[in-house]
Amino acid sequence: MAEAGFVIIGAGECGARAAFSLREQGFSGAVTLIGAEPHLPYERPPLSKGAMLDEAPALKSIATAERVSEAGIELVSPAWARTIDRVNKTVLLEDGASVPYDKLLLATGASPRQLPLAEKSRRCLSLRTYDDALQIRSRLKPGARLAVVGGGFIGLELAASARRLGAAVTVIEAQPRILMRGVPAEIAAAIHARHEAEDVRILCGVGLASIEDTPSSVLIRLADGSQIEADWAVIGIGSVPNTALAESAGLAIGNGITADEHLHTSDPDIFAAGDCCSFPLTLYGSRKVRLESWRNAQEQGALAATNMLGRKERHEFVPWFWSDQYELGLQVAGLADEGAETVRRDSGENAFILFHLAEDGRLVAASGIGPGNAVARDIRLAEMLIAKRAHPPRERLAAPDVKLKALLAA
């Protein structure tokens with residue numbers, strides 16, 4: 001039997017970050033990283049954005065094979081963990097191999113939410129992996145007709161990329177507006193208008209009645225009786241955490257694998273982090289959340305590594321999300337739905353930031369949009385104010401000539 005050490009299931013952003021962080025913090029024991037995909041750990045955000053504009057989407061590896069080897073990380077892929085034996089502290093793989101562990105991290109990520117109406121269609125695709133991106137990119141030719149079901153980040157980023165490639169795009173969103181989750185209506189309206197300026201057709205507040213393939217297209221019938229015919233459809237209606245392995249092992253589950261503020265699961269020797277993990281967010285009264293974001297995956301991967309080494313550090317990070325669509329950069333720091341009041345700052349260059357304040361005036365979130373990185377610096381400063389639990393004066397937040405750095409110093 002192999003040497004017991006630290007085992008990480010999931011070789012994405014979170015799992016890879018945890019593995020390297022263990023080495024950076026001086027751990028010299030065995031580190032095994034188990035991944036389901038045949039690729040080296042890679043970045044997912046470019047798959048719907050810049051990488052999609054290439055003839056073949058580029059795979060942006062997190063680390064080279066040489067770096068993985070030099071760090072003494074054993075990467076086992078493609079491999080699937082079948083069961084966790086918590087009594088004997090081993091992970092059983094699909095090929096029959098048994099991997100012992102002292103500490104185990106579940107960084108199993110999430111999978112695209114399935115749409116039952118699309119199950120029988122060969123022309124309905126989803127985007128989560130590099131291989132998914134290759135399939136979609138090969139179909140985005142000039143003049144192609146693409147239907148995107150779901151007006152969230154993935155669907156809209158893909159819509160923007162498809163228009164750059166000359167495809168005709170229709171976005172179908174069942175909710176009253178796009179970006180309903182986590183993005184304020186004013187910013188969603190700006191994104192909506194930008195897509196329409198690119199001739200993207202956006203249909204909100206309408207459900208689906210049926211989806212069926214014809215010999216050369218996919219026919220989507222809407223609940224209002226209308227129909228959309230496309231060459232291909234991409235289903236982007238959110239994701240579900242990959243919890244089956246944890247659930248079969250008897251771990252607590254609740255909108256993901258349940259973890260505490262230190263990322264411990266209900267088993268003291270098993271941790272969970274990243275998209276699969278539901279945990280209490282200290283900055284917001286220990287509100288239980290599950291965050292699907294690139295930065296959260298990095299931060300929790302590093303935090304899990306720290307606490308696997310016996311420390312007791314809490315999750316103190318401010319949630320942060322971003323999206324690039326056309327020339328626009330959208331960023332959100334904190335949880336906007338925690339705000340009871342909104343203060344707007346117009347920054348010029350068609351950019352603005354919304355500051356979200358709690359009832360007591362505490363800054364709990366900031367949302368911004370503008371060309372390129374126009375709002376990036378101020379969102380970063382706002383993030384620092386949120387972390388400090390600051391109560392900045394409303395009139396100063398609204399004034400473009402007042403530097404947020406000055407508010408931070410105060």
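The values are calculated or read from the model by the stated rules, or taken from the named source; none is laboratory data. What you are looking at is a predicted structure, and each value in this text was computed from that prediction instead of being measured. Neighbour counts are summed over all protein chains in view; Cβ atoms, including those assigned to glycine, are modelled from backbone coordinates with ideal geometry. The protein model used for the area step is the full one, side chains on, heavy atoms only, and it has no ligands, DNA or RNA in it. Shrake-Rupley method; radii C 1.70, N 1.55, O 1.52, S 1.80 Å.
With the simple model of a label 7 Å out from the Cα in the direction of the Cβ, residue 312 to residue 180 spans 4.2 nm. On a C-alpha basis, how far is the centre of the stretch 74-126 from the centre of the stretch 362-377 in Å? Whole number, if you could? Cα centroid to Cα centroid, the span is 36 Å.
Stokes-Einstein diffusion for the stretch 98-169 at 25 °C, viscosity 0.890 mPa s, with a Kirkwood radius from C-alpha pairs, works out to 170 µm²/s. For the chain, the fraction of C-alpha pairs farther apart than 36 angstrom is 31 percent.
Viscosity 0.890 mPa s, temperature 25 °C: what is the translational diffusion coefficient of the stretch 94-228 from Stokes-Einstein with a Kirkwood Rh over Cα pairs, rounded to a whole number of µm²/s? Walk me through the numbers on the way to the answer.
Numbers: Rh = 16.8 Å.
Estimated via Stokes-Einstein, D reaches 146 µm²/s.
Of the complete DSSP H runs in the chain, none spans 30 angstrom or more by Cα along the long axis with a mean Kyte-Doolittle score not below 0.5.
The convex hull of the Cα atoms of the stretch 12-109, projected and averaged over all directions, covers 7.1 nm². Peptides 362-375, 39-52 ranked from most to least packed, by the mean per-residue count of other Cβ atoms within 10 Å: 362-375, 39-52.
Between residue 240 and residue 396, the FRET efficiency estimated from the beta carbon spacing at R0 = 30 angstrom works out to 0.10. When all alpha carbon pairs of the stretch 261-361 are counted in 5 Å bins from zero, the resulting P(r) reads 2, 11, 19, 20, 16, 12, 10, 6, 3, 1, 0 %.
Calculate what fraction, in whole %, of the accessible area of the chain sits on carbon and sulfur atoms when a 1.4 Å probe is rolled over the protein chains. Carbon with sulfur: 50 percent of the solvent-accessible area. Between residue 222 and residue 77, the modelled labels are 4.0 nm apart [label points 7 Å from Cα along Cα→Cβ].
Based on the Cα coordinates of the stretch 63-116, what is the per residue volume of their convex hull in Å³?
Working: hull volume 7.7 nm³, N = 54.
Looking at the stretch 63-116, the number lands at 142 Å³ per residue.
When the C-alpha to C-alpha distance is required to be over 24 Å, the pairs from 89/312; 103/312; 312/388; 49/288; 120/288; 89/288 that qualify are 49/288; 120/288; 89/288.
Within the stretch 231-358, what percent of beta bridges assigned by DSSP are antiparallel, to the nearest 5?
Details: 18 of 20 bridges.
Looking only at bridges with both residues in the stretch 231-358, the antiparallel portion is about 90 percent.
What accessible area per residue comes out for the chain, rounded to a whole number of Å², with a 1.4 Å probe?
Details: 17500 Å² over 410 residues.
Heavy-atom SASA per residue in the chain reads 43 Å².
Alpha-carbon geometry of the stretch 179-256: the Rg and the Dmax are 18.0, 51 Å, given in that order. Over the chain, Cα pairs under 8 Å with separation of 6+ residues give a relative contact order of 14 percent. Here each label is just a point 7 Å from Cα along the line to Cβ, and for residue 377 and residue 135 those points are 4.4 nm apart. Amide H contacts of residue 169: 146, 201, each under 5 Å away and 5 or more positions distant or on a separate chain (H built 1.01 Å from N in the peptide plane; Pro and chain starts excluded). In terms of packing, defined here as the mean over residues of other Cβ atoms within 10 angstrom, the peptides 217-226, 278-287 line up highest first as 278-287, 217-226.
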